[in-house]
Amino acid sequence: MAELGAVLGQLKQERSRLQAELRQLEQAIRALTKVAGRDPRTGKARRTFSAAARKRIAAAQKARWAKYRSGPGKNAA
């Protein structure tokens with residue numbers, strides 16, 4: 001039974017050490033997210049486009065591709 005008590009004590013020490021290490025990692029993560037300009041508790045890092053903006057972007061891209069496809073240098077295969 002003495003061995004069981006010793007093992008239990010070692011496990012508790014290891015748990016304490018790991019908890020301290022985890023706290024340090026969490027502090028480092030918080031520091032890095034502040035430097036990056038994003039706090040994970042505040043929401044998304046990216047902005048969202050409105051439906052109208054997405055529609056305008058899609059139309060502009062379709063026009064670019066249409067111009068590219070109909071432009072000079074088109075090979076007849």
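So, counting K/R as plus one and D/E as minus one, what does the shell of residues with Cβ under 14 Å around residue 22 add up to? Net charge in that neighbourhood comes out at +1. Each residue of region 7-16 is assigned a 3J(HN,Hα), and the resulting list reads 5, 4, x, 5, 5, 5, 5, 5, 4, 4 Hz, derived from the Karplus form 6.51 cos²θ - 1.76 cosθ + 1.60 (θ = phi - 60°), x at Gly and Pro.
Rule-based calculations on the coordinates, nothing more; no lab input. Quick caveat, the model's predicted, so the values are computed rather than measured. Cβ sites come from the backbone with ideal geometry, for glycine too, and all protein chains shown count toward neighbours.
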